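Below: one structure, written as structure tokens.
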Amino acid sequence: MNRTAAPTRWLRCAAPRPEAAARLVCFPHAGGSASFFGGWAEGLPSYEVHAVCYPGRAARLAEPLPTDLPALAADIAEALTPLLDRPLVLFGHSMGAVVAYETARLLQSRGTGAAVRHLYASGARAPHLARPEGEDTSTMDDDAIADALLALGGTDAELLADPDFRELVLPYVCGDFRMFDRYDHVAEPLLTCPVTAIAGDADPQVGAGHAAAWAAVTTGPFRHHTIPGDHFYLDARPPFGLVTPEASGAD
């Protein structure tokens, strides 16, 4: 059946589309929220687009911040269970790519892997690669993490200088960075669905080799695309053409 699942606090769907053959689930970056993918439903009209709402921000600001990435993925996998009546395509950016990857592995291990038709890993090193030297947030204060975020181009300097921003937003930005740093990759199980890695050619953190290494996480087909832009290339040029149902195999 092709019903529209009831909304949960974990997912935002701006444009329910009961007629869509597949759903696209988008996972934000560290410090990101569901609003980052606000225009994707319009840009990808063949999907029913859902964006993941992490705890501790936006409408979930009063909830505790996530501190364990695999546990976060387990909660998201549970929230996605009602959506498995249609194929799922998962798209994650930066930290969100690793959360999407762990979510896909959980769905696969529960015998629901056939419903995950494709994983898109955007702006992210493959999960088994070591993080670069000097990027250990356990030794960084909040200001240093803010500077690191600025270097990636993800946050406007004026917002970081705003006391309200620091009070409300910087705690979950720093919480995400530290949670990501604590993540330890476990090699098994491998995915069986296709995986596509996408990275900007001017990304200071993710080079072509880092993105290409995602091939090791699946026994299925793998593709790698380098496109113009920095770490947040998708702000100006969302990769809609690479993510369509036809491209993902979910049509």
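Things to note:
- The condition of being of a type in the set (Ser, Thr, Tyr), closer than 24 Å to residue 231 by Cα and in contact with a strand residue (DSSP E or B) (Cβ under 8 Å, 6 or more places away or on another chain) holds for only one of 101, 54, that being 101.
- Among residues of segment 48-61 being outside any loop (DSSP other than H, G, I, E, B) and more than 21 Å from residue 88 (Cα to Cα), the one that is most open to solvent (accessible area, probe 1.4 Å) is 59.
- The residue list 90, 69 contains one member that is within 23 Å of residue 242 (Cα to Cα), open to solvent by less than 50 Å² (accessible area, probe 1.4 Å) and touching a residue at least 60 places away in the same chain (Cβ under 8 Å), which is 90.
Matching residues to (1) outside any helix (DSSP H, G or I); (2) touching a Ser or Thr at 6+ places or on another chain (Cβ under 8 Å); (3) not polar (S, T, N, Q):
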{"site": "15", "(1), (2), (3)": "yes, no, yes"}
{"site": "42", "(1), (2), (3)": "no, no, yes"}
{"site": "72", "(1), (2), (3)": "no, no, yes"}
{"site": "76", "(1), (2), (3)": "no, yes, yes"}
{"site": "86", "(1), (2), (3)": "yes, no, yes"}
{"site": "99", "(1), (2), (3)": "no, no, yes"}
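- Top-ranked residue of segment 87-118 - restricted to ones that are modelled with pLDDT of 95 or more and basic (Lys, Arg), ranked as farthest from residue 249 (Cα to Cα): 105
- Checking residue 220 against (1) open to solvent by less than 40 Å² (accessible area, probe 1.4 Å); (2) at pLDDT 95 or above; (3) outside any loop (DSSP other than H, G, I, E, B); (4) of a type outside the set (S, T, N, Q), the condition it does not meet: (3)
Here's the yes/no breakdown for (1) assigned to a loop (DSSP other than H, G, I, E, B); (2) at positive phi; (3) open to solvent by 50 Å² or more (accessible area, probe 1.4 Å):
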{"position": "177", "(1), (2), (3)": "no, no, no"}
{"position": "185", "(1), (2), (3)": "yes, no, yes"}
{"position": "199", "(1), (2), (3)": "no, no, no"}
{"position": "206", "(1), (2), (3)": "yes, no, no"}
{"position": "224", "(1), (2), (3)": "no, no, yes"}
{"position": "230", "(1), (2), (3)": "yes, no, yes"}
{"position": "235", "(1), (2), (3)": "no, no, yes"}
{"position": "238", "(1), (2), (3)": "yes, no, no"}
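- Output for segment 21-53, where each listed residue is out of contact with any helix residue (DSSP H, G or I) (no Cβ under 8 Å at 6 or more places or on another chain) and of a type in the set (Gly, Ala, Ser): 38, 39, 41
- When we screen 64, 16, 7, 45 for residues that are over 26 Å from residue 241 (Cβ atoms), modelled with pLDDT of 95 or more and open to solvent by 10 Å² or more (accessible area, probe 1.4 Å), the only hit is 64.
The values are calculated or read from the model by the stated rules, or taken from the named source; none is laboratory data. Because the structure is predicted, anything quoted here is derived from the model rather than measured. Positions of Cβ are backbone-derived with ideal geometry, glycine not excepted, and every protein chain shown enters the neighbour counts. The area values use the complete protein model at the heavy-atom level, side chains included, leaving out ligands, DNA and RNA. Shrake-Rupley method; radii C 1.70, N 1.55, O 1.52, S 1.80 Å.
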